[in-house]
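The values are calculated or read from the model by the stated rules, or taken from the named source; none is laboratory data. Since the model is a prediction, treat every value here as computed from it, not as a measurement. FYI the Cβ positions are ideal-geometry reconstructions off the backbone, even for glycines, and counts take in every protein chain you see. Ligands, DNA and RNA are stripped out before the accessible areas are found, and what is left, the full protein with its side chains, is counted by its heavy atoms. Shrake-Rupley method; radii C 1.70, N 1.55, O 1.52, S 1.80 Å.
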2 protein chains.
Amino acid sequence: MALVVQKYGGSSVADANSVKRVAKRIAEAKRAGNDVVVVVSAMGDTTDELLDLAAQITPLPPQRELDILLTAGERISMSLLAMAITNLGVKAKSFTGQQAGVITDAVHGRARIVDVVPSRIRETIEKGQVAIVAGFQGVNTDTNDVTTLGRGGSDTTAVAIAAGLGADVCEIYTDVDGVFTADPRIVPTARKIDRVTYEEMLELAASGAKVLALRSVEYARRYAVPVHVRSSFSHATGTLVTGTYGNPIDPNAPAGDPGTDKEAAVEAPIISGVAHDRSEAKITVVGVPDVPGMAARIFEVVAAAGANIDMIVQNVSAAHTGLTDISFTLPEGDGPVTMAALKAVQGEIRYESLQFDDQIGKLSLIGAGMKSHPGVSAKLFAALRDAGINIEMISTSEIRISVVTRADSLDDAVRAVHSAFGLDSTEGEAVVYAGTGR
Amino acid sequence: MALVVQKYGGSSVADANSVKRVAKRIAEAKRAGNDVVVVVSAMGDTTDELLDLAAQITPLPPQRELDILLTAGERISMSLLAMAITNLGVKAKSFTGQQAGVITDAVHGRARIVDVVPSRIRETIEKGQVAIVAGFQGVNTDTNDVTTLGRGGSDTTAVAIAAGLGADVCEIYTDVDGVFTADPRIVPTARKIDRVTYEEMLELAASGAKVLALRSVEYARRYAVPVHVRSSFSHATGTLVTGTYGNPIDPNAPAGDPGTDKEAAVEAPIISGVAHDRSEAKITVVGVPDVPGMAARIFEVVAAAGANIDMIVQNVSAAHTGLTDISFTLPEGDGPVTMAALKAVQGEIRYESLQFDDQIGKLSLIGAGMKSHPGVSAKLFAALRDAGINIEMISTSEIRISVVTRADSLDDAVRAVHSAFGLDSTEGEAVVYAGTGR
């Protein structure tokens, strides 16, 4: 008997029929002898509809009120799900983030979980009942105000509740079969990955893989929560995210059985997958005087504007001018405010001009095995060269190499690299890919 | 400067534009120098839509979960209203029933308020901000579970919050101009009543007037909260419900000014109004042995079935048979279960047969002045006789006379009585009546 935390996203509970389908699955896991705690997102497009209502009222809603508004979404889905499970003869109770003991800081709209005190959840499972918890929301106990965790917050709620309860596994149910070696809409031969480490999953999530929210992976790594990403439309084993590579998971493992021997590490594959990201833009500060402190000043200004920068390239300064160009990438949405902040200090920094480029794409090759395998970068660059694709920026970590290309050659780049590293599926059949993952 | 509690129903906040319109009205009251606390219902049909969702899941949802589901409705309206007020430059914060300190018993679906601890509301108004409170909901502090108060619960929330804060007035905003001498859809010459006592309003509400929920009037009477029923579509003075008749209210009184001198009682009008009710049915137990205890036994059975009976008539027993008939009225919806319960004891009570009649109407004449004016009943019966209307049952209280007629002569009966007691408007113009009142 295992203690399983299951998380279902909005697309899994989009309407009454989906809620009933998910309820059956939960009742099965419970009847199989598991203790089951379920974290659920708002139904389908509810959150967007509520945001739209707020936009009809005011362009700038107070964040505290926006959080109250949005948390209505999970209230609806969690109570319906509890009703549907009860209707199947399995007792279930739903709990808001506050009732479930999800304590956060006071940053409305993107609060961070600071503690989980799941005493009511524990009571509920001790009574043999299923506990349903609202994802995405918590409470700031200083003010007793409701907070939300931001996009992907339900994944984080699930992992945090799993950590707080010491659950055996946190199952993230989605509409794809797991984490893939690349986006199958771009690479039809992409394979499902059986296992990845937290570190690889972090790099994948940070590099554009959307199946699991980055913060939830960070939380899982910190508390060593085994995460099983799997489809709510099949019983197939998905992708297990853990600290080490263990035995291959049993493809027939029932819900709640991560099928892993955490101690039995086998050699890691060199490459886990190829991620891509089209959501970034590039700003180039042209003609910056190449004197000490100028780059620091530029990035002070950018940080003050609230932008999260990703990759940075500084050209070698041209000797005869003493001027250099500094380029960096950032989320496209942070572009306007960052450009404005830089424009405001042109007189101080005395650069020549600013360029904004939202036609870039980023490809990232990720794998814990690349640490001990030389030549991975060379092979990557050769594959892109052979495909006729120009590299504009490069950055690396211990287990990741990222390159920036033109946006319109990104798909070709992903296919070329996926193939060059032998990631293509060897099975004759096409991989079925059911959607975007969130 | 007054402390005003304003309550807006679902039709007043049916969409984003209505929310903005109500926000303007609240901001006006605040800017006029009042402390303002607002109680709001769920938007338009939200509650019915949520009930429909639940019905798609299961025919018998657990009440605890149904309460969680339904309270999502006020969460949406209250946060949107707070946003709209803030957008007008007036600071506003919204609070759930729990946050507002509305403590109830544990009876999900029709909880009763046992205490109001409005410390957060008080803090908010002391900061000069408008507090928005979710109507219809509370918290049972034993379990920390959310409860709902049942239909009309938002009126009760408003009066309870007003009592808890010691507010100067509780304004119930609706889509009609106040309480009328009769339903203007039936009696076009009906007049708005300027003032009624709690007792009269209780009788009016219990007799079918729908503008104010019965429980809220009971609460207002217990805590002596002046209630002002008025239209959210005009600035006209509505109907003031208080303990005594004071000076006439100033028709130009701004929001928040009940315009009353509570001590200055003038002579009460004999009749306040004519209420009618089509929602009851009549059960007749035919041929009951006229021996002691039989009536008691019948009403024990009816009470055990959960029916709220209203009027009772027992025929004089026919001497040669020793049998009598017992008739009583009850809410039509309670009919089937009550009939079944009575059927089950036919062998024990040995009555001859049961009759169910849902084609009845009830007319009630209400007025505190009738206590000291003899002849009111005689005048009522004469008016009905002159209009050719047969009376089937009669019941009276100190300030009310009710008669049961055929449903299809009820409208004529109301018009005849309204006219006989001189209630028709003497103004040349037709009274505009904007809707059904809730």
| Furthest towards positive pole of dipole, A:82, A:125, A:47, structure part the range A:23-128, Cβ charges | A:125
| request: Provide the percentage of antiparallel DSSP beta bridges, counting only those with both residues in the range B:3-266; round to the nearest 5. | output: 30 percent
| request: Could you rank A:183, B:45 by how accessible they are, 1.4 Å probe, largest area first? | output: B:45, A:183
| task | May I ask for the angle, rounded to the nearest 10°, between helix B:16-31 and the longest principal axis of chain B, with both axes built from Cα atoms and the value confined to 0 to 90°? | result | 70 degrees
| 3J(HN,Hα) from dihedral phi, the range A:408-422, Karplus parametrisation 6.51/-1.76/1.60, rounded to Hz, x for glycine, proline | 7, 9, 5, 4, 4, 4, 4, 5, 5, 6, 4, 6, 4, 9, x
| task | Can you pull out the buried accessible area for chains B and A, both sides counted, probe 1.4 Å, rounded to the nearest 100 Å²? | result | 3200 Å²
| task | Would you tell me which residue of chain B has the beta carbon closest to the rotation axis bringing chain B onto chain A, and how many whole Å away it is? | result | B:72, 2
| message | Quick query: amide H of residue A:38 versus all other amide H atoms, modeled in the peptide plane; which residues come in under 5 Å with a sequence gap of 5 or more or a different chain? | response | A:6, A:131, A:132, A:133
| task | Keeping the other protein chains in place, figure out the carbon and sulfur percent of the accessible area of the range A:3-265, with a 1.4 Å probe. | result | 50 percent
| query | Which distances in nm, rounded to one decimal and ordered from shortest, link the label point of residue B:278 to the equivalent label points in the other identical copies, with labels set 7 Å from Cα toward Cβ? | reply | 6.0
| task | Specify the angular offset, from 0 to 90 degrees and rounded to the nearest 10, of the alpha carbon long axis of helix A:46-57 from the longest principal axis of the alpha carbons in chain A. | result | 60 degrees
| query | Which value, in debye to the nearest 20, describes the size of the charge dipole of the protein assembly as shown about its Cα centre when Lys and Arg Cβ atoms bear +1, Asp and Glu Cβ atoms bear -1, and nothing else is charged? | reply | 580 debye
| If we count every other residue with Cβ under 15 angstrom of residue B:274's Cβ, Lys/Arg +1 and Asp/Glu -1, where does the sum land? | +2
| Which of the lysines could a cross-linker span from residue B:379 if the Cα-Cα distance has to be under 30 Å and same-chain partners fewer than 8 positions apart are dropped? | B:192, B:210, B:282, B:362, B:371
| In what order, largest first, do B:103, B:298, B:312 sit by accessible area if the probe radius is 1.4 Å? | B:312, B:103, B:298
| What FRET efficiency would be calculated for the residue pair residue B:223, residue B:15, taking the C-beta separation as r and a Förster radius of 30 Å, to the nearest 0.05? | 0.30
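Work out, step by step, the length gained on full extension between residue A:372 and residue A:48: first 0.36 nm times the residue separation, then minus their alpha carbon distance; give nm to one decimal. Walk me through the numbers before you get to the answer.
On the way: separation 324, 0.36 × 324 = 116.64 nm, distance 4.51 nm.
Between residue A:372 and residue A:48, full extension yields 112.1 nm more.
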| query | So, in Å, what gap is there between the alpha-carbon centers of the range A:351-429 and the range B:401-427? | reply | 85 Å
| task | Specify the angular offset, from 0 to 90 degrees and rounded to the nearest 10, of the alpha carbon long axis of helix B:153-165 from the longest principal axis of the alpha carbons in chain B. | result | 60 degrees
| Alpha-carbon centroid distance for the pair the range A:95-143 / the range B:277-312, whole angstrom | 50 Å
| query | Using helices alone, what [θ] at 222 nm do you get for the protein assembly as shown, with -39,500 (n - 2.57) per DSSP H run of 4 or more residues, divided over all residues and rounded to the nearest 500? | reply | -9500 deg cm²/dmol
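Probe of 1.4 angstrom, ligands and nucleic acids ignored: what's the accessible area per residue over the range B:3-266, in square angstrom? Don't skip to the end; give the middle numbers.
Details: 9070 Å² over 264 residues.
With all protein chains present, the range B:3-266 gives 34 Å² per residue.
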| said: Given a Förster distance of 30 Å, report the FRET efficiency between residue A:56 and residue B:55 from their Cβ-Cβ distance, rounded to the nearest 0.05. | reply: 0.60
| task | Set Lys and Arg Cβ to +1 and Asp and Glu Cβ to -1, take the dipole of the range B:3-266 about its Cα centre, and tell me which of B:196, B:3, B:60 lies farthest positive. | result | B:3
| query | What are the nm distances, shortest first, from residue A:112 to its equivalents in the other copies, labels at 7 Å along Cα→Cβ? | reply | 4.9
| request: Treating cross-link reach as a plain straight distance, find the lysines whose alpha-carbon is under 26 Å from the alpha-carbon of residue B:30, omitting any fewer than eight places away in the same chain. | output: B:7, B:20, B:91, B:93, B:127, B:262
| task | Work out, step by step, the length gained on full extension between residue A:412 and residue A:323: first 0.36 nm times the residue separation, then minus their alpha carbon distance; give nm to one decimal. | result | 28.5 nm
| note | Here the correct list, in nm and shortest first, of distances from residue A:422 to the same site in the other copies, label points 7 Å along Cα→Cβ, is 10.6
| remark: Per the C-alpha gyration tensor (a ≥ b ≥ c, the square roots of its eigenvalues), the protein assembly as shown is rounded if a/c is under 1.5, else prolate if a/b beats b/c, else oblate; here it's prolate
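Using r as the Cβ-Cβ distance of residue B:88 and residue B:304, and R0 as 56 Å, what FRET efficiency do you calculate, to the nearest 0.05?
The formula returns an efficiency of 0.55 here.
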